[in-house]
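J.: The structure's right below; bear with me while I get my questions together.
The values are calculated or read from the model by the stated rules, or taken from the named source; none is laboratory data. Just so we're clear, the structure is a prediction, and the values are computed from it rather than from any experiment. Here the Cβ positions follow ideal geometry from the backbone for every residue, glycine too, while neighbour counts run over all protein chains shown.
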Amino acid sequence: MLHENKTIDLLSVASIPLVMTLGNSMLIPVLPLIEKKLSISAFQSSLMITVYSIAAIILIPIAGFLSDRVGRKTIIIPSLIISGLGGLISGWAAWKMSNPYWMILVGRLLQGVGAAGAFPIVLPLVGDMFTHKKQISNGLGIVETSNTLGKVLSPILGAYLATIVWFLPFFSFPVFCLISILLIWFLVQTPKKKDEPQKLSLFFSMIRKTFHKDGRWILAIFFVGGLCMFILFGILFYLSSLLEDKYGITGIRKGLILAIPLAALCISSYIAGKVIGEDMSRMKWLTFWGILIIAASSFIVSFTESLIFLIAVIFTSGLGIGGALPSLDSLITSGFEKSERGTISSIYSSMRFVGVALGPPVFAIFKDQSHKVLFFSVAGISLLTAIIALVFIKPPKKDKGLSYWRGE
């Protein structure tokens, strides 16, 4: 058993979501510039985010299953290497090729393959590292804060690197991956597996039984997590294009503006991780109110395109998303035995990537149509999601423990 003071281990693990977020979100402020450099449409540029996410969606459950059987680090480190290679391919194509668009997408696809075995495995890894639910919740809060910190830094760093050379963000990603690899390799110790891996047939039988008993609240959590990421990446894409196309704001200045609503998400995630503790009822209600805040903010912003007001309302949405995500992470991680945790949390992460994949292209389609219709739609979907969270997410009552939570 590892000692319970695992601060260095946890901070090293938290480097993974930071790096993975930089690898994806760094491109958001650069996409309008890439469109001009490559003479492509906004929809085509949005596919650089979508392709990355599609690869992750498909492979995340497989990576989660393998991590349950062969160990978390055994999956994470090769995945970081693959993701770094993807960044090198995209950067090389942008630098050397006359028509690099399709090869950039290939590199992005490879980055997504690596991402599938990196960030999603962090959630069950944190669950493995600690024995008490409060420690797990605090650890997941730090991980989600690292994730959102990456989102805050991404637009600033991406915009800055692009002012030097427009394709430099692609080349920077392998460097970040190397740092994370070294931290995980040398500083993170994981509990040794005591039991032999389950047989494949028995494992899938157990998963089917879990979904049969508790499928409603599990699927509700999947849906809510996916919606949060859909709105987050969609709004970031929309705001990035709006700043450049309508207001002529580019470079570091644009990166700093994009970081404002993301800072709210970062702060809110950190506080939520501290507040929720072991209280699963509190996790549910924090999720509900977080999504309701998104719905209200989206409804209000549909009536105006004023930049200052838009940023203020999106800042409020960031608070809602930041409150919901750590709660969802804790609900999905604390409710399962270690043997199931990697697969269930990985499917959840896959659903979050569905939101990431859909956000930019959907917002790209709507951004030239109607601002009001776009945000009315987001408000309506968010309100429906808040109701789903309220009705279908049913944490265990006090003192009933894990067996109640799992429907046993």
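Condition check ((1) closer than 23 Å to Phe119 by Cα; (2) touching a residue at least 60 places away in the same chain (Cβ under 8 Å); (3) surrounded by fewer than 20 Cβ atoms within 10 Å (Cβ to Cβ); (4) not hydrophobic (A, V, I, L, M, F, W, C)) across all residues:
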{"position": "Asp279", "(1), (2), (3), (4)": "no, no, yes, yes"}
{"position": "Asp329", "(1), (2), (3), (4)": "yes, yes, no, yes"}
{"position": "Ile344", "(1), (2), (3), (4)": "yes, yes, no, no"}
{"position": "Ser349", "(1), (2), (3), (4)": "yes, yes, no, yes"}
{"position": "Val354", "(1), (2), (3), (4)": "yes, yes, no, no"}
{"position": "Ile365", "(1), (2), (3), (4)": "no, yes, yes, no"}
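J.: Out of curiosity, is Ile388 in contact (Cβ under 8 Å) with a residue 60 or more places away in the chain and either among the charged types (D, E, K, R) or within 12 Å of Leu227 (Cβ to Cβ) (or both)? Give the derivation first.
T.: Working: in contact (Cβ under 8 Å) with a residue 60 or more places away in the chain: yes; either among the charged types (D, E, K, R) or within 12 Å of Leu227 (Cβ to Cβ) (or both): yes.
When the stated conditions are applied, Ile388 passes them.
J.: Just to be sure before I move on: is Ile184 under 20 Å from Thr333 (Cβ atoms), at pLDDT 80 or above and in a helix (DSSP H, G or I) in the structure I sent?
T.: When the stated conditions are applied, Ile184 passes them.
J.: Ok, one more. Considering every residue within region 289-309, establish whether at least one is within 29 Å of Ile136 (Cα to Cα), at pLDDT below 90, surrounded by fewer than 24 Cβ atoms within 10 Å (Cβ to Cβ) and not acidic (Asp, Glu).
T.: Within region 289-309 (the criterion being within 29 Å of Ile136 (Cα to Cα), at pLDDT below 90, surrounded by fewer than 24 Cβ atoms within 10 Å (Cβ to Cβ) and not acidic (Asp, Glu)), the answer is no, since none of the residues qualifies.
J.: Further question on the same structure: Does Ser45 satisfy the condition of being within 23 Å of Ser180 (Cα to Cα) and of a type in the set (S, T, N, Q)?
T.: no
J.: OK, next. Just wondering, is there one or more residues in region 52-65 that are under 16 Å from Leu27 (Cα atoms) and in contact (Cβ under 8 Å) with a residue 40 or more places away in the chain?
T.: yes
J.: For Gly141, indicate whether it is more than 25 Å from Ile82 (Cα to Cα) and either in a helix (DSSP H, G or I) or not acidic (Asp, Glu) (or both).
T.: Answer is yes for this residue.
J.: Now a separate question. Quick check on region 119-135: of everything there that is surrounded by fewer than 24 Cβ atoms within 10 Å (Cβ to Cβ) and either at pLDDT below 75 or within 18 Å of the chain's Cα centre (by Cα) (or both), which residue is nearest to Ile77 (Cα to Cα)?
T.: Here the residue is Thr131.
J.: Also, quick follow-up: Sort out which residues of region 168-181 are touching a Leu at 6+ places or on another chain (Cβ under 9 Å) and either over 16 Å from Leu10 (Cα atoms) or not in a helix (DSSP H, G or I) (or both), and write them in order of number. Walk me through it before giving the result.
T.: Start the filter on region 168-181 by keeping residues that are touching a Leu at 6+ places or on another chain (Cβ under 9 Å), which leaves 168-174, 176-178, 180-181.
Hits for region 168-181 are Leu168, Pro169, Phe170, Phe171, Ser172, Phe173, Pro174, Phe176, Cys177, Leu178.
Yes/no per residue for (1) in contact (Cβ under 8 Å) with a residue 12 or more places away in the chain; (2) more than 24 Å from Ile393 (Cα to Cα):
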position: Gly248; (1), (2): no, yes
position: Ile267; (1), (2): yes, yes
position: Ile276; (1), (2): yes, no
position: Ala295; (1), (2): yes, no
position: Ile300; (1), (2): yes, yes
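J.: It is to be established whether one or more residues within region 86-105 are crowded, with 23+ Cβ neighbours inside 10 Å and within 18 Å of the chain's Cα centre (by Cα).
T.: Checked against the condition, which is being crowded, with 23+ Cβ neighbours inside 10 Å and within 18 Å of the chain's Cα centre (by Cα), region 86-105 yields no hits at all.
J.: When Lys194 is evaluated against the numbered criteria (1) modelled with pLDDT under 75; (2) assigned to a helix (DSSP H, G or I), which criterion, by number, is the only one it fails?
T.: If we test Lys194 against (1) modelled with pLDDT under 75; (2) assigned to a helix (DSSP H, G or I), just (2) comes out false.
J.: Within region 1-108, which helices (runs of 4 or more DSSP H) (wholly inside it) include 3 or more residues that are among the hydroxyl-bearing types (Ser, Thr, Tyr)?
T.: 7-25, 42-70, 72-96
J.: Also, quick follow-up: Name the single residue that is surrounded by the most Cβ atoms within 10 Å (Cβ to Cβ) among those in region 220-261 being charged (D, E, K, R) and part of a helix (DSSP H, G or I).
T.: Lys254
J.: Moving to a separate point now. Out of Val51, Val13, Val30, which single residue is of a type in the set (A, V, I, L, M), under 20 Å from Pro169 (Cβ atoms) and buried (at least 24 other Cβ atoms within 10 Å of the Cβ)?
T.: Val30
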